[in-house]
1. Within segment 34-71, work out how many residues are surrounded by 13 or more Cβ atoms within 10 Å (Cβ to Cβ), more than 23 Å from Leu337 (Cα to Cα) and either hydrophobic (A, V, I, L, M, F, W, C) or assigned by TED's automatic domain parsing to the domain that holds Thr335 (or both).
2. Among the residues of segment 291-303, is there at least one that is at positive phi, in contact with a Phe, Trp or Tyr (Cβ under 6 Å, 6 or more places away or on another chain) and surrounded by 24 or more Cβ atoms within 10 Å (Cβ to Cβ)?
3. Quickly run through segment 95-138 and pick out the residues that are under 22 Å from Ala156 (Cα atoms) and touching a residue at least 60 places away in the same chain (Cβ under 8 Å).
4. Going through segment 309-361 one residue at a time, which ones are without any contact (Cβ under 8 Å) to a residue 60 or more places away in the chain and charged (D, E, K, R)?
5. Hey, does segment 361-368 have a residue that's over 16 Å from the mean Cα position of the chain (by Cα), assigned to a helix (DSSP H, G or I) and within 28 Å of Lys185 (Cα to Cα)?
6. Just the residues that are outside any helix (DSSP H, G or I) and hydrophobic (A, V, I, L, M, F, W, C), please, taken from segment 369-387.
7. Restricted to segment 264-305, and to residues that are assigned to a helix (DSSP H, G or I) and among the charged types (D, E, K, R), which residue is farthest from the chain's Cα centre (by Cα)?
8. In the list Lys256, Lys279, which residue meets the criterion of being surrounded by fewer than 14 Cβ atoms within 10 Å (Cβ to Cβ) and farther than 21 Å from Ala205 by Cβ?
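The values are calculated or read from the model by the stated rules, or taken from the named source; none is laboratory data. Keep in mind the model is a prediction, meaning the values are calculated, not measured. Cβ placement follows ideal geometry from the backbone for every residue including glycine, while neighbour counts extend to all protein chains displayed.
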Amino acid sequence: MKWLIPFVLPCLLIAQEPTAAKPPDSEEAAYPAIERLIQVMESIRARHPDVDKLTYDRLVNHALEGMLSSIDPHSSYIHPEMAAAMKSLGEVDPFIASLGLTVGLRDGGPYISALTAHGPAANGKAEINAQIQQIDGKDASQLTLPDLVKNLQKAAGEMTKLLIKSPSEPKPFEVVLTHIRVEEKALTHAEPLAGNPTIAYLRLAQFSSTCHKEIETALDDLEDQGAKSLILDLRGNGGGDLQSTVELLGLFVPPKSTVVTIHTRDPKDWETLTTPEPKRSERDYPIVVLIDRMSASASELTAGCLQDLKRATIIGETSYGKGSVQNIIPMNNGTALRLTIATYHTPSGRTPHGVGITPDIALNFSEADRNNFPLSLVKKTLSPEQQKQLESWSDPCLKEAVKVLAK
């Protein structure tokens, strides 16, 4: 079975084989519900003054859009324009990482189809389904997907000015967003912890397809230098490749351990993922995993698995809560659905979906902590003012991790 979005899960022992869940109403309930939808649509077409917005296609498309978005935040209806663009321009990535937003096309023009929690766009009061009317003062209504993405891509520190029409606001409003630095390497730091040479510090920014190999190589080197414990920093890590997540967990838990289970609606289709064998090196030393509210998906599965199996102490704040699988389902009218089809679970059977992973040691981060942590990762590029600011700050997560590993 292929999963378009990588993540993790394990099964609970059940006395009898469960059966696939069914919707709470009967098929007969469909007819009055559809009749009600048609009545509302015809009332709108008969009375609303903006007649140019009242085509059946437009009304139905937006009704479907609302239907999908009401189920969960990761399901969505893909309009004909966006579906066509995805089909013909498959190499165009609509995710603008430096702004924390994903764009799409529909009959009304470009719009924001998804937001990254606490990213520049979300912090700037942008909303999902908001129409993008202007980019830096220029009309955006006729842009193709490649041109839309090109106009939104800028270097860290540069600003983009958007005029957007949000579903919750009566009038368009302007947001000015500053692009943030996006990590290009998966393993950005691999070094003895400053002042603690027996503690290996690894900072993983994303779960790439090769990150488990990079981590294994780095640990070999750090262990040769005398490392006897590990801090794995997953703060700000939004996830990535599922198989690499399983391989990474295999570095720290026994071979053939169940680390992730993927639950679909029908239990007969559940899939269990186990760590590979054989294992090249035994790494049974103490581990601390650092997470924050931006740690998502594969990060949550890694932290949750090591927590369940008593292999690591988790320190930080409750993670983001992304533990579901989405699939793109083409429809026969030129549209498509991005639909949640499964959830990921850790070895104890819990899923981070919607709730996140709760750390063993919870910390309350201050604004100074949130502002200074990203600076601490790029010390060599800082201005004298930023370096001075950083000198007066100590990382609360690292301080707590050293205490745990010193016990």
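1. 1
2. Yes; the residues of segment 291-303 include at least one that is at positive phi, in contact with a Phe, Trp or Tyr (Cβ under 6 Å, 6 or more places away or on another chain) and surrounded by 24 or more Cβ atoms within 10 Å (Cβ to Cβ).
3. Answer for segment 95-138, where residues must be under 22 Å from Ala156 (Cα atoms) and touching a residue at least 60 places away in the same chain (Cβ under 8 Å): Ala97, Ser98, Leu99, Gly100, Thr116, Ala117, His118, Gly119, Pro120.
4. Answer for segment 309-361, where residues must be without any contact (Cβ under 8 Å) to a residue 60 or more places away in the chain and charged (D, E, K, R): Lys310, Arg311, Glu317, Arg350, Asp360.
5. The answer is yes, given that some residue of segment 361-368 is over 16 Å from the mean Cα position of the chain (by Cα), assigned to a helix (DSSP H, G or I) and within 28 Å of Lys185 (Cα to Cα).
6. Leu377, Val378, Leu382
7. Applying the filter and picking the extreme gives Lys268.
8. So the residue among Lys256, Lys279 that is surrounded by fewer than 14 Cβ atoms within 10 Å (Cβ to Cβ) and farther than 21 Å from Ala205 by Cβ is Lys256.
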